[in-house]
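To keep things clear, I will list the structure first and then write my remarks on it.
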Amino acid sequence: MIFRELALAVGISLKTSGLAALIASAIAVPAALFLAGREFRGKRLVLLINQTWMAAPTVVIGLLFYSLLSRSGPLGRFGLLYTQTAMTVGQVFLILPLIVGFSYTALRQVDRRARQTALTLGASRRQAGWIVLREARFPLLVAVLAGFARAVSEVGIAMMLGGNIRNATRNITTSIALETAKGEFQNGVVLGAILLVLTLGINLLVQTGLRGRDREY
Amino acid sequence: MSGIVYRLENVGFAYPGIPSSFSLKLESLTVRAGEVLALVGPNGAGKTTLLMLLAFLVRPGRGRLEFLGGDPWAGDDGAVLARREAVLLTHHPYLFKGTIADNVEFGLKLRKIAETERAARLRAALALVELEGWGTRSISGLSAGQAQRVAIARALALRPRVLLLDEPTANIDAGLVLRIEAVLREVGREWGTTVVLSTHDFSQASRLADGILYLSEGRRVEFSHENCFSGTASTDGRTSWIEPKPGVRIVFPGVTTGHVTCVIDPAAIRVLPGGEAASAPPGPNVFGGRVTRMETTDAATALVRVSGDLVFRAALPVRELEAGRVSLSREVLLRFDLKSVEVVGKRPADARKPA
């Protein structure tokens, strides 16, 4: 595997999974804030569905979106199958319940007095919601990182929706699968190591940044 | 005191979804600008719930709550404008992660107060609670008392129209309590701030408040004729006394003259069963009467009303009642120490009544 191809695969992994983590977080964190702050009929059912969804195998989500995005599927006319966009969409659905679950737990652990204190000091309900998010920023970031890690390490969705097209949708995990299928185990191990180092680097970067900010206090 | 800040009519509130019989019901309550109103009562009496209502954190289930002559919930902003005028300081205050300055300036930033003004208010508020120069310190590692003082500074920095305080000195060293009380008096005098505070400490209520609202099980307990007496003080140079009725004296230490109001802390009153009255040593502040009402306030204490020449309400440990076989309709003897009589000063007697 030449260096250019490797760099492209790393870039595609970071781009699709990073984007998926951002999009999923933008949906999941407000949803978790709503779930954590409100009591309503059917809330337990929503949480149960979310927990079940968390355990969905990647190939099942891949298959679902394959049937939607393939030419004969209801979204086939958009021509998204075997594109990075399709990979990102599939990964968003994969990690959405994970980020909702982790964020919900994080927000439930914020002292209930935080919101009340913000309100009584003159915050609007929206501002009070932001304050709660700020108080839970560290565990929320862990939730987003966990989502990113799940997306960057999955192979089923990337393979089924991306198609493992060289220099177009081939990412690290589909490259590993290909190299292993070819019998190039050393290449597979090296790619796996690169994936781990990448994930470790991102985690370290974010956590060091957060610790630095917390130390200021 | 001029304008009316709060007017409550037939207000009722029950926590939704909580299987509890507790509910707050108040037929009427009026709080005027600049007034200091103390909410007194046992745990679970509804003091905190009433403060939450007055802080617009919860909405009355029924009845009418007016703030500054209008309905605070009329807009679609969730009473945010009213909440910016009435700041609640809770018993166990929550401090946001960050520095003390971050906390004190929190509400100022929400109100978009200019930076120079914020800095000035930060300094002034920290000075009031004797935390000068602490602004850059982290909130982690603060003691409960220090956290309470930061929360008080945070509320004072806003210079609100109404200050709602839920047991404001509960975590504070005894030495600082008087300082905080002085601060509360000062803000009332200087800024015309209306203060509503809840406290278990009847003496504190007497020291601070223009009016006392005694709550029990979510209802107002009429308190104006119990433990609260007015009269013209006489003195022998060592002690003083008033005579709410001819020949009935309430004695207190020191030299006081003029028209005064005296309040006796229910917890300071001791009861002896009538049978022991004959053997009780004679002395000042001893009164006979019949038990006309008993109500349990929690597992350990009960409120007992004794009607005789004067009407008293005593908060007594249940075991003391059992040991003394005190029961309804029994004749008992009351006694309280001279020092437990709080002299509120030269005020008209009706100023002590709940508004």
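The values are calculated or read from the model by the stated rules, or taken from the named source; none is laboratory data. Predicted model, so just to flag it, every value in this text is computed and none were measured. Please note: Cβ atoms are built from the backbone with ideal geometry, for glycine as well, and neighbour counts cover all protein chains shown. Keep in mind that these areas ignore ligands, DNA and RNA; they rest on the heavy atoms of the full protein, side chains included. Shrake-Rupley method; radii C 1.70, N 1.55, O 1.52, S 1.80 Å.
In region B:76-95, which residue that is in contact with a Leu (Cβ under 7 Å, 6 or more places away or on another chain) and more than 7 Å from chain A (Cβ to nearest Cβ) is surrounded by the most Cβ atoms within 10 Å (Cβ to Cβ)?
B:Ala86
Might you check whether a residue that is within 18 Å of A:Val206 (Cβ to Cβ), touching a helix residue (DSSP H, G or I) at 6+ places or on another chain (Cβ under 7 Å) and not aromatic (Phe, Trp, Tyr) occurs anywhere in region A:114-129? Checking region A:114-129: not a single residue is within 18 Å of A:Val206 (Cβ to Cβ), touching a helix residue (DSSP H, G or I) at 6+ places or on another chain (Cβ under 7 Å) and not aromatic (Phe, Trp, Tyr).
Checked against the criterion of being within 14 Å of chain A (Cβ to nearest Cβ), in contact (Cβ under 8 Å) with a residue 12 or more places away in the chain and not polar (S, T, N, Q), the candidates B:Arg149, B:Arg154 yield just one match: B:Arg154. Scanning region B:150-170 for residues that are modelled with pLDDT under 90 and crowded, with 18+ Cβ neighbours inside 10 Å turns up B:Glu167, B:Pro168, B:Thr169.
Would you please name the residue that is most open to solvent (accessible area, probe 1.4 Å), looking only at residues in region B:123-143 that are within 27 Å of the chain's Cα centre (by Cα) and away from every other protein chain (no Cβ under 14 Å)?
So the residue we want is B:Glu130.
Within region B:252-275, track down each residue that is at pLDDT below 85 and among the hydrophobic types (A, V, I, L, M, F, W, C). Within region B:252-275, B:Val260, B:Cys262, B:Val263, B:Ala267, B:Val271, B:Leu272 meet the criteria. Of the residues making up region A:1-39, those that are over 19 Å from A:Arg150 (Cα atoms), modelled with pLDDT of 95 or more and of a type in the set (Lys, Arg) number 0.
Hey, which of the strands (runs of 3 or more DSSP E) in region B:207-251, taking only ones fully inside, have at least 3 residues that are at pLDDT 85 or above and hydroxyl-bearing (Ser, Thr, Tyr)?
Numbers: elements: B:211-216, B:219-221, B:228-235, B:239-245.
In region B:207-251, the matching strands (runs of 3 or more DSSP E) lie at B:228-235.
Of all residues in region B:134-186, those that are of a type in the set (D, E, K, R) and part of a loop (DSSP other than H, G, I, E, B) total 5.
When region B:245-257 is filtered for residues that are surrounded by fewer than 15 Cβ atoms within 10 Å (Cβ to Cβ) and under 26 Å from the mean Cα position of the chain (by Cα), the ones remaining, listed by number, are B:Pro253, B:Gly254. For region B:55-66, the tally of residues that are within 14 Å of chain A (Cβ to nearest Cβ), crowded, with 16+ Cβ neighbours inside 10 Å and either closer than 21 Å to B:Gly3 by Cβ or among the basic types (Lys, Arg) (or both) stands at 2. In the set (1) open to solvent by less than 10 Å² (accessible area, probe 1.4 Å); (2) under 23 Å from B:Leu50 (Cα atoms), B:Gly188 fails one condition alone, (1).
Would you confirm whether or not region B:96-107 contains a residue that is within 14 Å of another protein chain (Cβ to nearest Cβ), touching a residue at least 12 places away in the same chain (Cβ under 8 Å) and closer than 17 Å to B:Arg7 by Cβ? No: region B:96-107 contains no residue that is within 14 Å of another protein chain (Cβ to nearest Cβ), touching a residue at least 12 places away in the same chain (Cβ under 8 Å) and closer than 17 Å to B:Arg7 by Cβ. The residue list A:Thr88, A:Thr52, A:Thr105 contains one member that is touching a Lys or Arg at 6+ places or on another chain (Cβ under 9 Å), of a type in the set (Val, Ile, Thr) and more than 14 Å from chain B (Cβ to nearest Cβ), which is A:Thr88.
Answer yes if at least one residue in region A:75-82 is surrounded by 20 or more Cβ atoms within 10 Å (Cβ to Cβ), on the phi < 0 side of the Ramachandran plot and in a helix (DSSP H, G or I), and no otherwise. No, every residue in region A:75-82 fails to be surrounded by 20 or more Cβ atoms within 10 Å (Cβ to Cβ), on the phi < 0 side of the Ramachandran plot and in a helix (DSSP H, G or I). Which ones in region A:116-143 are farther than 14 Å from A:Thr105 by Cβ, more than 10 Å from every other protein chain (Cβ to nearest Cβ) and either at pLDDT 95 or above or touching a Phe, Trp or Tyr at 6+ places or on another chain (Cβ under 8 Å) (or both)? Once the filter is applied, which keeps residues that are farther than 14 Å from A:Thr105 by Cβ, more than 10 Å from every other protein chain (Cβ to nearest Cβ) and either at pLDDT 95 or above or touching a Phe, Trp or Tyr at 6+ places or on another chain (Cβ under 8 Å) (or both), region A:116-143 yields nothing. Would you mind stating whether B:Glu27 is over 23 Å from A:Arg113 (Cβ atoms), more than 14 Å from chain A (Cβ to nearest Cβ) and modelled with pLDDT under 90? So B:Glu27 fits the description; yes.
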